[in-house]
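Below: one structure, written as structure tokens.
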Ligand SMILES: [Zn+2]
């Protein structure tokens, strides 16, 4: 288990199983998958955790309304999430479920530790409770109508004995943590939000429930179960075997990044690190919050009935078109609009025209000029210098953007090089070289194009892996794509002597509207 490789541990949130996987889930998970594949390409020892959050009143209620056992419902929903991830080509290393015994034991271990350290105490809780959100709200957080600030449904005054987590003790430690690590929360707007939230003062948090049964018992008082958020967050350490605190935990914890949607930032950037500090554990290195996809009717939500089902998009257009669109369309961290029009525009421009056409036209020329065979020549022609330099520098450029999870900008760098290659063909006009019998120069030009495509192919592989595999098989490589590394991606001249390019249908046919 222990290797010298740098480790990289990343997570998605655990998805709550009271509804089907939607575009928000798919977005976080595709982003995480791309990041995982990217760090594997860099030769790191990656651990990618995702899974399902299966406890709480909402799940219990959903099962009751469907007339099935709660365990049956969560089993079925966990399978549904796994199915969707398989179709999206998600390469998680572990799919964790909060109803697993290892997770339950871990939660109890951590809660016990926080309790023993004096940060959990019994008290009386009175407050305005939103049942769908399983959240208490203070009067200050709500408007006149006493409706839930999140879901806008009415709250009800509840009073119960409860166990509290002493969150108030962690305001100062959290601010110190952020001061020491200004990238603890990304993007910066979210960091500012969190800092002002902490500075307003933190209230202790009720972490037990007694009004329903579907949850993990409080280890020192079995009349209570643990608040679903407290339970779910702990997956990030139960997924790397905090239970045994062995090699796996030592290798991967603290996590490099928790990827989340911006709506759950307080749980991740305030409550979770405070829980860890209370247990004497290190907080994660980074929380990165992304924006929301909106559609014509505003924010997508089940209640508004404007949810885009990612599987329909994948069935209609294919998985890589979906992946490329959501990764390229908006800067990571901001909100974006998901429309079919935008997806078609993006696909036709970038995938069909720029990349697809580059491969197709150069493949057709090579077929005509040299029976699809390349001749390996390392050019020192002054007209090739810029092209080669840009191709060789591409991995470094992509890496700069990926260091801050700027997927969109990383793809933009790759597509600039693709655009340069298309211009290079126009300028070099291989058809003229062929006509005038300049065969050595023609060989150089053609080799340059395909060698550039080799580098492009490796660099797109974390983003659109299926396309990269197909491209790789067409440009005549003798090695497999899986064997390629980031370190030698940019070495010029790796395409073998007399590689044979196969000319087939376009990679991406234009989508007609
Ligand atoms: Zn609510």
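The values are calculated or read from the model by the stated rules, or taken from the named source; none is laboratory data. Quick caveat, the model's predicted, so the values are computed rather than measured. No Cβ is skipped: glycine too gets one built from the backbone with ideal geometry, and neighbour counts run over all protein chains shown.
Couple of notes before you dig in:
- Cβ-Cβ distances below 8 Å connect the following pairs, each with a first residue in region 162-188 that is free of Cβ contacts under 8 Å to residues at least 40 places away in the same chain, a second residue that is assigned to a loop (DSSP other than H, G, I, E, B), and a separation of six or more residues or different chains: 168/201; 168/202; 168/203; 168/204; 171/201; 171/202; 178/184.
- Selection within region 301-337 - part of a helix (DSSP H, G or I) and either over 21 Å from residue 398 (Cα atoms) or at pLDDT below 95 (or both): 310, 311, 312, 313, 314, 315, 316, 317, 319
- Within region 96-113, the set of residues being surrounded by fewer than 18 Cβ atoms within 10 Å (Cβ to Cβ) and in contact with a strand residue (DSSP E or B) (Cβ under 8 Å, 6 or more places away or on another chain) is empty.
- Where a residue in region 89-100 is under 18 Å from residue 40 (Cα atoms) and its partner, wherever it lies, is part of a loop (DSSP other than H, G, I, E, B) and modelled with pLDDT of 95 or more, with Cβ under 7 Å and at least six apart: 94/239
- Residues of region 133-153 satisfying the condition of being part of a strand (DSSP E or B), near the ligand (Cβ under 10 Å from one of its atoms) and within 20 Å of residue 59 (Cα to Cα): 135
- Restricting attention to region 464-500, the residues being surrounded by 18 or more Cβ atoms within 10 Å (Cβ to Cβ) and touching a strand residue (DSSP E or B) at 6+ places or on another chain (Cβ under 8 Å) number 2.
- Near pairs, Cβ below 7 angstrom, 6+ apart or cross-chain, from region 131-148 (under 17 Å from residue 54 (Cα atoms)) to any residue that is within 11 Å of the ligand (Cβ to nearest atom) and in a helix (DSSP H, G or I): 132/58; 134/58
- Some residue of region 384-394 being at pLDDT below 95 and buried (at least 18 other Cβ atoms within 10 Å of the Cβ): no
- Within region 154-182, the set of residues being touching a strand residue (DSSP E or B) at 6+ places or on another chain (Cβ under 9 Å), in a loop (DSSP other than H, G, I, E, B) and away from the ligand (no atom under 16 Å from the Cβ) comprises just one member, 166.
- Being without any contact (Cβ under 8 Å) to a residue 60 or more places away in the chain, under 19 Å from residue 204 (Cβ atoms) and in the same structural domain as residue 27 (by TED's automatic domain parsing) holds for only one residue in 86, 126, and it is 126.
- Qualifying positions in region 111-132 - away from the ligand (no atom under 16 Å from the Cβ), over 22 Å from residue 232 (Cα atoms) and at pLDDT below 90: 126
- Given (1) within 16 Å of the ligand (Cβ to nearest atom); (2) under 29 Å from the mean Cα position of the chain (by Cα), index of the condition residue 105 fails: (1)
- Listed by position, the helices (runs of 4 or more DSSP H) enclosed by region 434-506 that each have at least 2 residues that are over 34 Å from the mean Cα position of the chain (by Cα) and not assigned by TED's automatic domain parsing to the domain that holds residue 88 are 439-460.
- The criterion of at least 1 residues that are without any contact (Cβ under 8 Å) to a residue 60 or more places away in the chain and not assigned by TED's automatic domain parsing to the domain that holds residue 33 is met by the following helices (runs of 4 or more DSSP H) wholly inside region 338-424: 340-346, 385-402.
- Condition check for residue 191: in a strand (DSSP E or B), in the same structural domain as residue 275 (by TED's automatic domain parsing) and either within 16 Å of the ligand (Cβ to nearest atom) or touching a strand residue (DSSP E or B) at 6+ places or on another chain (Cβ under 6 Å) (or both): no
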